[in-house]
Amino acid sequence: MAEPMTAMPASPQPRQRRRLVRDLKAMPGFTATAWLCIVTLYLPILVLIAFSFNENRSVVLWTGFSLDWYAKALENDGIRNAAWVSVKVALFATVISTIAATMAALATTRTKPFIGQGLVYGIINQPLMIPEIVTAIATLSLFALVKKLTGLNGIGYLMLAHAAFCIPFAYMPIRARLETMTLTLEQAAADLYAPPLKVFTLVTLPLLGPGIVAGAMLAFVVSLDDVIITLMIAGPGETTLPIYILGAIRRGITPEINAVSTILVAVSVLLVMLLFIVQRRMQR
Amino acid sequence: MTGTEIARDRKAAVSARALSKTFGQGDYAITALDSVELDILENEFFTLLGPSGCGKTTLLRLIAGFELPTQGSISLQGQDITDKPPHRRPINTVFQNYALFPHMTVAENIGFGLRMLGKPTAEIKQTTERMLALVQLEAMAGRRTDQLSGGQQQRVALARALAPAPKVLLLDEPLAALDLKLRKNMQLELKSLQAETGITFVFVTHDQEEALTMSDRIAVMKSGKILQIGTPRDIYDRPTHRFVADFIGDINILEGTVEHTDGDLATVRLKDGSMVSAHLGPASARSGDVSVAIRPENVRLASAGETPTLTGVLENIVYFGAATNLHLRLGTGEEIVIRNPGAVDEGRYQPGATIGAILQPELIRVLE
C-alpha cells in the first residue's frame, strides 16, 4: 500500500492535487479539443440527416419539415432493387466469411504452434493493408478469366468477391475472443469426460458466440458499405445501394438521396449498437 | 510409521514410473519433470509440495492427461493410462482458477461430467442435488457462476469434480485465491470431504503449512524431482535434504564433520568443536563434512549450572505471542535460532549477552 494506514486524518489537498495532474481532463483545452473532434466527425452526418427531412428540393436551403423524401425513396424501384441486392450480397458474404474466419481463428489459436503460424496470421490480415483498388482490379481480372473459361455469369461473382474481402474483418474479433478464452475451460470439459466434438459444441462454440456475432456484424457492415470492389465486379442488374447513390449524385444531390443515406446510417448505428452490447457481454 | 511402510500394505491408485517431461527443444528445452517415481495410494490425501516451477503442476497435468510425458509411464490402479486422453481417464480436476463454465448455471456445471458420461437425467438430477448439499450450495443451483463469491465458486468447482465419483481427484492449488480465514475453513472441509468420500486426493500446493495440516503423505519437489516422500511428521521431524528442511518450517543448519557412526547415529564435530549426536537419514553421508539440522523449538536455553551444547552472542529477540525467537551468533559466524515457549526474562536476555543453548540430541538430523 502506498500510504500508511496511520496517515493523518484529513489531508485531502495534496492528494487531490496529485490526482488532478494525472487526470487528462485537467489539461488545458481538453474539453474544446474533444468537442471539436466530435463535431468534425458528426456534423456532416447531422447535416445530411437534417436535409433528408427538408420540404424543399434544395439541400442547402431549409424551408420546412416533411417526410416526403422518405416516401419517395421507398417508392423508387431503383432504390428498392439496389437495397435488395445489397442485403442479399451482404448476407451471403457474412455467412461465408464468418464461417471461414471462425475456422481460420480456431486453426491459428487452438492448434499446437506450427512453423509459419505468424505467416498465416499475416496472410489472413494482409488484405486489410492492400489498397482496395488493387484488390478490386485483381478480382476483376481473375473473374474475367473464370468467366471466359466457364461461360458462367451472375450475381455469384459479386457475392464471392464480398465474401473474400470480408474474411479478415470477421477474423479479427473472433480471434481476439479466442485469445482471451483460456484453454482451461476446454480442458475442464475434457476432464469431465467430454470428447473433443462435445468440447467444441458445448464449450468452445457457446463461449466464442459473442466473437462470432461481432465478426459477422462487422463483415455485414463492411459488405454493405463497399463501393470500389462492387463497382468493378457488379454486372448489369447487380447495382447495390452505395453504387446506386453514387450514380444518382452524378445527376445532383437530392433530399431523396439524403433519405436513403439516412436509412443506411440508421442501419449502421443499429448494428454498431448491437456490436457494442455483444462486446459488453464478451468482457464478462 | 514411515511413508514406505504405508506403501507396503495398501494398493497404489496412481503410479508414475521414470516419468519425465521436457518442454521445448534443443537449447531451449526445459526439464519440468525428471524421472519421477511415485506411488499414490488408494484413499490417500496426497500432497505435492514445492516452490513454483518445481514441476508439481506439470506432474498433476500429466496425471490428468492434459500433457503427454516425454518419457515414462503413468498407471491408474495398475492399468496403464499414459496415452489415454483426459476424457477417458476416471480422474477429475479442481482447477486453480476453478474454470467454471460461465454460460451454465451452478447445477449445469455440477451435472456436466455425468451428462458426458451419458447418465440418465434422473440420476444426474439426484447426484447434482446431493453434491449441492455436500458443499452447502442448495440455494444457488440456478445461479450463474459469476454471481457467486470466490469461496462459493471454489465449492462449485469441487462439487463438479466430485459428482462423477472419480477414482482420483486432482486439486491444483485450489485454495490459493481465497483469503486466509476462508482458506483455513476450506482446508478442514476438504480434509473431511476426502475422508467422507474415500476418494484419493492429489493436492498441489506451495504452502507448507497447508500441506502439513491436510495431508496423509507429502512429496516435496524441487527442480522436477521428488526429494522426499513421507507423512507430515516424517517431513517435518526427519527431513532428509537441506532443501526439505529449509522449505518446511524454520530450521537451524550447522556444518560439521562425522567423527564416527553407530547404526543410524553419528557423532558429529561441529565447527566450533562441540560434539553432537545426530540421526542419519537413509542416504546421508556417513563420513566427512555434513550438514546437521535442528528445529528452533528443539533448541532450548541452558539454565544456570547446565553445560550448554553451544554458546553464542544474542543478536535479536523476536516475540510473537505464543513463543519468542532468540537469534544467537556463534563464534563460527553461524546463526542459530532458539524458540522459547512464551516470553523470556528481558532483563537477563538482552542483545549482546552471551547465551548457552542446548540441542536436544534425539532431534538432530544429518542431511543428505
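Please find, within the stretch A:161-203, the residue that is farthest from the other protein chains (Cβ to nearest Cβ) out of those that are more than 23 Å from A:ALA214 (Cβ to Cβ) and surrounded by fewer than 21 Cβ atoms within 10 Å (Cβ to Cβ). Filtering the stretch A:161-203 for residues that are more than 23 Å from A:ALA214 (Cβ to Cβ) and surrounded by fewer than 21 Cβ atoms within 10 Å (Cβ to Cβ), the one farthest from the other protein chains (Cβ to nearest Cβ) comes out as A:LEU197. Of the helices (runs of 4 or more DSSP H) lying entirely inside the stretch B:90-164, those containing at least 2 residues that are within 12 Å of chain A (Cβ to nearest Cβ) and in contact with a strand residue (DSSP E or B) (Cβ under 8 Å, 6 or more places away or on another chain) are B:150-162. Applying the criterion of being outside any helix (DSSP H, G or I) and modelled with pLDDT of 85 or more to the residues of the stretch A:238-277, the residue that is surrounded by the fewest Cβ atoms within 10 Å (Cβ to Cβ) is A:GLU238.
I want to confirm something. Restricting to the stretch A:139-158 and keeping residues that are within 23 Å of the chain's Cα centre (by Cα) and not polar (S, T, N, Q), which single residue is nearest to A:GLU238 (Cα to Cα)?
Step by step, filter the stretch A:139-158, then rank; the result is A:ILE155.
Scan the stretch A:94-129 for residues that are surrounded by 12 or more Cβ atoms within 10 Å (Cβ to Cβ) and either outside any helix (DSSP H, G or I) or aromatic (Phe, Trp, Tyr) (or both) and jot them down. Hits for the stretch A:94-129 are A:ARG110, A:TYR121.
Look at (1) facing chain B (nearest Cβ under 7 Å); (2) touching a residue at least 60 places away in the same chain (Cβ under 8 Å) and you find that A:VAL213 fails only one, number (1). Out of B:THR57, B:THR47, one residue alone is within 14 Å of chain A (Cβ to nearest Cβ), touching a residue at least 24 places away in the same chain (Cβ under 8 Å) and within 23 Å of the chain's Cα centre (by Cα). It is B:THR57. Condition check for B:LEU33 on (1) touching a residue at least 60 places away in the same chain (Cβ under 8 Å); (2) surrounded by fewer than 16 Cβ atoms within 10 Å (Cβ to Cβ): one failure, at (2). Selection within the stretch B:61-79: residues that are out of contact with any Pro (no Cβ under 7 Å at 6 or more places or on another chain) and in a loop (DSSP other than H, G, I, E, B). The member of this set that is surrounded by the most Cβ atoms within 10 Å (Cβ to Cβ) is B:PRO69.
Condition check ((1) in contact with a Ser or Thr (Cβ under 8 Å, 6 or more places away or on another chain); (2) of a type in the set (Asp, Glu); (3) buried (at least 16 other Cβ atoms within 10 Å of the Cβ)) across all residues:
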{"position": "B:GLN136", "(1), (2), (3)": "no, no, no"}
{"position": "B:MET140", "(1), (2), (3)": "no, no, yes"}
{"position": "B:ARG144", "(1), (2), (3)": "yes, no, yes"}
{"position": "B:GLY150", "(1), (2), (3)": "no, no, no"}
{"position": "B:ARG155", "(1), (2), (3)": "no, no, yes"}
{"position": "B:LEU158", "(1), (2), (3)": "no, no, yes"}
{"position": "B:PRO166", "(1), (2), (3)": "no, no, yes"}
{"position": "B:LEU169", "(1), (2), (3)": "yes, no, yes"}
{"position": "B:LEU180", "(1), (2), (3)": "no, no, no"}
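The values are calculated or read from the model by the stated rules, or taken from the named source; none is laboratory data. In this text, all values refer to a predicted model and were calculated from it rather than measured experimentally. Heads up, the Cβs are rebuilt from the backbone with ideal geometry, glycines too, and the neighbour counts pull from every protein chain shown.
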